[in-house]
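Participant: Let me give you the structure first, and then I'll get to my questions.
Values quoted throughout were computed directly from the atomic coordinates according to the rules given, and no laboratory measurement underlies them. These figures come from a predicted structure and were not determined experimentally. With ideal geometry, Cβ positions are generated from the backbone for all residues, glycine too; neighbour counts draw on all protein chains shown.
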C-alpha cells in the first residue's frame, strides 16, 4: 500500500495513479490512507476508468480476495470452529458461483456469518443464498433491537420496507446511480439505514452536510431490485410480457432478471415456468437473440436434489420455434451446454445449431451427445473452437452412430488428437446420413488419419471431408489416398496446411479427387473477392492511418477529441450505426487501440465520418467519372465494384473478359489509394492458386462485408443530413469566434509590446506585497475589517496586473527554460537600487514572474513529449499479427551489436559503439552532428530508436540533449515541422504556442536531437527534402540520428559525419533475450539455449532479433521441442504465424 507512488520499471516517477475495481472491492478504504499532496490517486469502476487510463502514469486494479485470501479470512473468522471453516472451504472449492462471490471481501464476511448460523450448510441456489443473507442481517437487526424471535419469515414481515428499498435500487440501476440520499428512503429511512444493507458516507459541503447511501455491493442492489420486481409480478402490477419486452433486462439489467427468476422459483413454480415461456417467446421474436440469458435464468433456478431446472430447459426447448440458432461465442460453458442439450432433446423445429467458441469441455459435449441421440430434426451442428478433446469427441461419436438426421458436423479446432479421431472413424463406418465432416485445425497425426481412411473405405454417405491444419504427414496421406481409390461418394477433400511432403501429395493427386478442385470461373470470382477484401481493407486502413496516424490514434478517439461525440452518436444514437463489437475495437479494455483491429466496414464508417473527406463528386453509391480520382472518389469506386462483383454471388463465377475488366479498374483505384508499390502484390493475387476451401472463405467474407455495409448505408445517409445542419451552425459559431479574436488582438495592441524596468519592478513589488498581506491575513484573521479590505484591494490590483501582463511575450524564454541565466541581477535588473527586493523572492516566484510577463516556457511541451515516449515508446510490438506479444523495453531490451563503418568504402570496423556514445568524437570526426545507422530488416533499428527516446524520457543514461524528437518516417507526409506537430504535439495545441516552440527549436538547435527512423520508408519524393535536413541546409546546428536499410542509406551517407551499422544479436545477446523472455519459464530458456549451442543454423537465424523473438514464441508453443530440420523449423514458424493470424482474424470457418 505504501508503494503505489514509488518508481517502478515502466515509470521512474509516477505522478498519477488510477486504482480500478468492482464495487465493494475496498477502493474507499484504500483511498483514506493516501495523502495525495500534488500527486493524484484516483479510484473508479472499470467503465469510468477507461476514460482516464491514458492520462495516468500507473494503472492498478483491486481484484479483491484471491482464493488464498478467502481461505485465510475464513480460517481467521472460524478460528474457534475449524469444522465450519473446513465445510465452507470445501463448498467453495466445488462451487464456481460461490468462489466468484467471495472475491468481494464484503460477500466473504457475509458468507461466514451465514455459514455460522446454518452450521455450515448453504443453499445451492444463488437467489436463495442472497435471501438467506438478507434474513441473516434482519435477524441480527431484531436481536440488536431486542425484538422477539418467533421463526417468522422476515422478508415477508419487512416486505414494505424491502420493497421500498428494492424500488430505490431499481431506479438507481435504471439511471446508472449506485448511491442515493436520505430523502429517497422516504418514510422508511430510519429502519432501512439501521438494517445494515447500506453503507453511509458523508457528502456535500462543510456547511451543508448530506448523507449518501449505497448498497454494500452491486449484487445486493440487483437482488433487492429483483425482490421488488417479483412483488410487482405477484401483485400483478406488472406483467411478465412487460418485463421481458424491455431490452434492458437482457443487457444492462440482466442480473436483475436472473435474480428475479431465482426468487420466483423459490416462491411459485407456475410463476417461473410462465416467465421462462415469456422469455422463450421473446427469443422467437428476436431470431434467437437473448438465448444466453434464458439459459442462465434456467440455471439460476437449480434446486438441491431436484430436476426442476431440467424441466424448465425442456419447457424452453418445447416452446422454441426457430429452425436456425446461432449461439457462437456467447460463453455459456458446460452449464449452458447442458441446458441447451436438454432443450434440443424435446425440440421439434431446430435444424441448424452453432455452438462454437463457448468454452465447452468434454462434459458439455457429452450432454449434447446424449441429446443428439434422441433429437430427430437437427441436421447441422457446429462445435468448433471448443475444448471437447478426445473424451468429448468419443461421446459425439457414440451419438452419431445412432443419429439418423445429422448431415453436417463441424469439430474443427476442438483439441482432438488421434484417440478422438479414431472414435469418430468408428462412428462414420456405421453412420448413413453424415455428408460433411470438418476436423480441421486439430492435433490429428498419421495414426488418426489412418483410422479415418479405414472408415472412408466403407462409408457410403460422406461427400466433403476437411482435414486442413493437422499434423498429417506422408504415411497418413498414403492411407487416405488408398481409401479414396475405393470410396465412391467423397467428392471434396481438404488437406491444406498439413505436413504432407511431396511423395504424399503425389499419391493424393493421383486419386480421382483433387483436394483443391475448382473451375476457372469460380476462381475468378474468388480472386476478385480476395482482392477487394484483403487489399481493399489494407488500402482503406493505410488511408485511415495516413489521416490519423497510429501514434496519435488514441488521442483522436479520446473522450476529449472533437470526434468522440460523432462516434458516440454513431454508437448510441437512434440509428446505432456502430455495433458493440466495433465499439470494443475502437475502445478496447485491455490493449491500446489499433487500426489493425478495424474490419473493412468499420474503416468505411470512420473514413466517411471522422476523416474530413468530402463526399465524392458523383455520390457514395454511383461509379465516379474516370476523371474523378480523389480519395473519396476512389473509396466510392471500390465500393461500386464490390457491389458489381457481388452481383455474381448467386453463381459465384465470373467469366474471363469480365474478370479482366473488373480487375483492371479495381487495381487502378487501389493503387491510387495505397501506392504504386501494391502493383506487384495485386499482380501476384491475379495468378495465385486458390483451393476450394480458401475460395469459399473469401466468398463468405465478401457476403458478410456486403451485408454489414447495407445495414449501415441508410443510417449513415440520415446522419450525414444531420451533420450538414450542424455544419451550418458551426460556420456561424466560427464567425463569432473570429470577432472575439479581433477584439482580443485590439486589447493586446492597446496594452503594448514593450516591457521596461519599471514594469518589471512593479511586478516584483506586487508579488511581495501580495505575499506580505497573505501572511498578515493568516496572522490576524478576522480582527480588522480595515486590514481585510486593504488586503482585498491589493488582491484586485494583483489580479489586474495578471490580466494585463499575461498577453506579453519575450525571447527571454529559452534562457530561463534552460538555466542559461547565470547572473539574475544583471539579466533581470540592470540597476542595483532594486536588487534587495530580488533577494526576498523565492524560486517559485521567478516562475510567477514569467507568467506575469507572458514569457513562453517550453518545459510543459517537453514534459508532454517525455510522457508520450514513456507510454508509447516503452512498449515493443514486433508482430502485427500477434497483439498480445508486447514487450516492455525495460524488461526485454538487449544491447545490439553496433559497429562503426568507414564512410569511404563502407568497410566494417571492429569498433563497438554504446548507445550513449553514438555522437561522441572519434578519429575521423571531432564533433559529429549527423549519424546514419544502417541495418538489414529486423535487426533492431526501430527498437534502438525507441530505446534511445525512452531512455531520454526517463532520464536513463547520459544524454546532454534537452529535447529528443523521434519521428517515424513512414508517417511523414509533409515537411519536418508538420511531422513534429503531427507525431509529437497534442491535437489541441494552441497555434501561438506551437509557433513559439518551433522558434525555440530554431534558437536552441545544438540542444536538440532529431531521430529519423526509417529513411527508406519515407513516402515517394520526400527523401530529397530530408537529405537537405541532414546536409544542414535546414536546422544546421541540430543533431540528427537517422536509420535506414543499406540501399536507402547510400543516398545520404556522404552528408553524414558518422556511419554505424547494426549487426543484430551476438550469442551473448541472444542468450540474454531468451532469459528475459522466459523469466517465468526457466526450463524453456534452458532448452532453447542448449539447442542453440548445438545448432549452428539456429545461431545464425537468431542473429536477427525478430527471428529470436519468433523462436521464443515457437518454443513456448511447442513446450521446448523444435524440429531438427531447418526447412521444417521455418515451416513451423510459418504455421505459428498463420495460427496467430487466423486467431486474430477469427477464421473459424476454415
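Participant: How high is the relative contact order of the range 290-422, in percent, counting Cα pairs under 8 Å that sit 6 or more residues apart?
Facilitator: 21
Participant: Take the Cβ-Cβ distance between residue 308 and residue 538 as r, set R0 to 56 Å, and report the resulting FRET efficiency rounded to the nearest 0.05.
Facilitator: After rounding to 0.05, the efficiency reads 0.55.
Participant: If we sort 1113-1121, 948-956, 447-455 on the protection proxy, mean other Cβ atoms within 10 Å, highest first, what's the order? Show your work: numbers first, answer last.
Facilitator: On the way: 1113-1121: 15.8, 948-956: 20.8, 447-455: 22.8.
For the peptides 1113-1121, 948-956, 447-455, the packing ranking is 447-455, 948-956, 1113-1121.
Participant: Also, quick follow-up: Using alpha carbon centroids, what distance separates the range 669-689 and the range 523-584, in Å?
Facilitator: Using only Cα atoms, the two centres lie 22 Å from each other.
Participant: Ordered by packing density, taken as the mean number of other Cβ atoms within 10 Å over each peptide's residues, highest first, how do 360-371, 975-986 rank? Can you show the working numbers first?
Facilitator: Numbers: 360-371: 22.6, 975-986: 16.9.
Averaged packing, sorted descending, gives the order 360-371, 975-986.
Participant: Highest mean first, what order results for 82-91, 389-398 on Cβ atoms within 10 Å?
Facilitator: Details: 82-91: 16.2, 389-398: 22.8.
Ranking the peptides 82-91, 389-398 by packing returns 389-398, 82-91.
Participant: Compute the distance from the alpha-carbon center of the range 210-252 to that of the range 327-344, in whole Å.
Facilitator: 26
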